[in-house]
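For reference, the structure is listed below as structure tokens.
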Amino acid sequence: MQRDPTFIGTVQDVHGATITVELSDETVTGLGFVHGEGYRIGQVGSFVRIPLGFVDLYGVVSQVGAGAAPERDEDRKVYGNRWVKVQMVGEGQRGGRFERGISQHPTIEDRVHIVTEADLRAIYGSGDPQDFVSVGHLASAESIPSLVNINKLITRHCAVVGTTGSGKSTTVAGLLTALSEPTRYPSARIVVLDIHGEYAKALSDRASVFRVAVQASKNQSELLIPFWALSFEELTGLAFGGLKDAQAAAVADAIVQLKKESLEVQPRDGIEESQVTVDSPIPFCLHKLWFELHKREHHTLIPRPGGAADDVDPAYVLGPNNQPLQMGDAMSVTPPLYRTVKTTGPAPERVQLGRDPIGIRQQLAGLASRLRDPRMAFLFNPGDWLPDIDGKVVKDLDALLEGWIGGPQPITILDLSGIPSSVLNDLIGALLRVLYDAIFWARNLPEGGRERPLFLVLEEAHAYLSKETAGSAAMAVRRIAKEGRKYGVGMMIVSQRPSEIDSTILSQCGTLFAMRLANDTDRGHVTGAASDNLKGLFDMLPVLRTGEAIIVGEAVSLPVRTLISPPPPHRRPDSVDPRVVVRSYPNDGYDGPAGWGQPRDPADYAAMVRQWRRQDPHYQHKTPPGAVAALPDPDNKE
């Protein structure tokens, strides 16, 4: 009888989803040949196949050698400890479609075969091309593309994790390039929260970029976030810095009243005055709120001349002409000046403390400072979305949402690199909550997520999704992770420290792209979050090559070790490591910024300070007096 060249051994132990295989004595060399192709037998991370009737079971090799042997194996084998431990991952009908999970287990002496390239092609090459996108090729077979299911990748959430320098940002850029291909997915809708400004260059031809320090020459738009679209909790955290219960109740009542007054002046479709709550996204004048609360906290009173005992007037500081020196102005954040309290002297000269203060002088001072701070203008002075003193605005939220998720480009990059770090967590939470609420309530409309799903990419997620930081960002992401699938909102978590991310969030990611991770804690966190029992496979993470990933989860047929296809050089993010020394060539000079190896040029630290003060890394040459500024080069993609 002719020997099957794919046969490698038999099952000797079954424990749940883990089986132990004893290699056949015929596979002495550890190298087998099938149809002229050589296959390494027992490679950790490789696949095996166990035929059971009309069904093939598939597993991943997780351990090889003495450690994989059964505990009571006391017989010394002629050829050494020839044991393999395998984790079962799925099954497939003979010649049919592969499915994750197994409906039956193997038994003792069932034959085990290596998985050939033809088997891999049947597993990974199946599926409607419209539903799958190629992210690279199998590390063990360059001719076979690694395909991921777009439906499950996006709606079931995913994560890309890997240490610095593992190719994480390049992988994300390549994924976004594939998912936004206009000929295949003309209605793609992706929002990237980019806190370091890395992706605008890589996706310049298919992304709308919104940033605080806008550069008109690069077709960027100004990032504006209307404060009145935030919930009361989000607004008080950003504007007041925190309030006690009684103080919050008083401020909430004042906001509701201002929103009702705004609705009288400028009615809004979909809401009546009786339905207004403190969280309703209705414009109101925050400057007026500050002004009225400031007067309530600081005003002093004097008896009204000729009036009754309870008749009083504001005790303004008077000027030389006996007129109030400064009555204040809400829109310019100018407070009125009041006289100090005076309890002695004749009754007409006494100055009383104002009535009904709520004890928020410190918070109001902080709010006034934020209203004047140009760094916070994107939030508290949001252009056409800034309400006037009566609460009227030029544009409503529909224009804002259309710019973010309804523009002509498939990708929107919200560049948060110019936002103060002290408010970044709260602001990301507010952004995500605004987008999710809009999609949630419009779920049955063409603009909603059920007909046109929204994909959120959260870069450097460990910076605001830490387990120790229970901020609004983490709350918003938890909500999306648990509920987003039903309403067409998916997300991608990108992080170099998965151990710092809340495990509740990471465990909701149905697909993991695990790149090189050397830290034991990070690997343990990823292993615990994976949906498959693949500890042995994740033990390979420290030795993965740059640009190589182990993809596990719902979007792939089998867990797969993949070499990610890098995007073209002009589509790579601005996250390349600086070169300390670059080789030089006699005729061509240096092949890039030469670092320490080049002769020193005259330095201009005045330009460094100028960029620091401008809070903008993109250098612009100063135009000499009387010269005409050069027009931007339309072909320059930098």
* To do: Could you please give the count of residues in segment 253-269 that are open to solvent by 20 Å² or more (accessible area, probe 1.4 Å) and either part of a loop (DSSP other than H, G, I, E, B) or touching a residue at least 12 places away in the same chain (Cβ under 8 Å) (or both)?
  => 10
* Structure fact -> Here the qualifying pairs (Cβ atoms under 9 Å; residues six or more apart or on different chains; first in segment 36-59 and farther than 16 Å from I108 by Cα; second part of a loop (DSSP other than H, G, I, E, B) and acidic (D, E)) come out as V44/D539
* **Looking only at segment 414-432, and only at residues there that are under 12 Å from the mean Cα position of the chain (by Cα) and within 22 Å of F232 (Cβ to Cβ), the one that is surrounded by the most Cβ atoms within 10 Å (Cβ to Cβ)** => I428
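Table: residues versus (1) in contact (Cβ under 8 Å) with a residue 24 or more places away in the chain; (2) farther than 30 Å from L386 by Cβ; (3) of a type in the set (K, R).
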site: I282; (1), (2), (3): yes, no, no
site: F291; (1), (2), (3): yes, no, no
site: L301; (1), (2), (3): yes, yes, no
site: A315; (1), (2), (3): yes, yes, no
site: Q326; (1), (2), (3): no, no, no
* **Where I428 falls short, out of the listed (1) closer than 19 Å to T155 by Cβ; (2) among the hydrophobic types (A, V, I, L, M, F, W, C); (3) touching a helix residue (DSSP H, G or I) at 6+ places or on another chain (Cβ under 7 Å)** => (1)
* When you go through (1) under 24 Å from R372 (Cβ atoms); (2) in contact with an Asp or Glu (Cβ under 6 Å, 6 or more places away or on another chain) one by one for K260, which number turns out not to apply? -> (1)
* To do: Show the residue pairs that are 6+ apart or on different chains and have beta-carbon atoms under 8 Å apart, the first residue being within segment 191-213 and on the phi > 0 side of the Ramachandran plot, the second being open to solvent by less than 30 Å² (accessible area, probe 1.4 Å).
  => G197/R211; G197/D415
* **Residue identified as closer than 20 Å to S507 by Cβ, modelled with pLDDT under 90 and in a helix (DSSP H, G or I) among A474, A470** => A474
* **Cβ-Cβ under 8 Å pairs, at least 6 apart or on other chains, segment 418-443 side more than 14 Å from V191 (Cβ to Cβ) and modelled with pLDDT of 90 or more, far side in a loop (DSSP other than H, G, I, E, B) and open to solvent by 30 Å² or more (accessible area, probe 1.4 Å)** => R443/R450
* So which helices (runs of 4 or more DSSP H) are wholly in segment 116-220 and hold at least 3 residues that are of a type in the set (V, I, T)? -> 150-155, 168-179
* Does any residue of segment 432-441 turn out to be touching a Phe, Trp or Tyr at 6+ places or on another chain (Cβ under 9 Å) and of a type in the set (S, T, Y)? -> yes
* Mind checking which residues of segment 498-527 are open to solvent by 10 Å² or more (accessible area, probe 1.4 Å) and either farther than 23 Å from A473 by Cα or of a type in the set (D, E) (or both)? -> E500, D502, R516, A518, N519, D520, T521, R523, G524, T527
* Asked: Within segment 224-231, is even one residue more than 19 Å from the chain's Cα centre (by Cα), within 13 Å of D415 (Cα to Cα) and assigned to a loop (DSSP other than H, G, I, E, B)?
  -> no
* Asked: Tell me, which strands (runs of 3 or more DSSP E) lie completely within segment 1-60 with 3 or more residues that are open to solvent by less than 60 Å² (accessible area, probe 1.4 Å)?
  -> 7-15, 18-23, 47-52
* For segment 204-221, indicate whether the set of residues that are within 30 Å of R545 (Cβ to Cβ) and open to solvent by less than 30 Å² (accessible area, probe 1.4 Å) is non-empty. => yes
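The values are calculated or read from the model by the stated rules, or taken from the named source; none is laboratory data. If you're wondering where the values come from, they're calculated on a predicted model, not measured in any experiment. Note: ideal-geometry Cβ built from the backbone for every residue, glycine included; neighbour counts use all protein chains shown. In case anyone asks, the SASA skips ligands and DNA or RNA and just uses the protein heavy atoms, side chains included. Shrake-Rupley method; radii C 1.70, N 1.55, O 1.52, S 1.80 Å.
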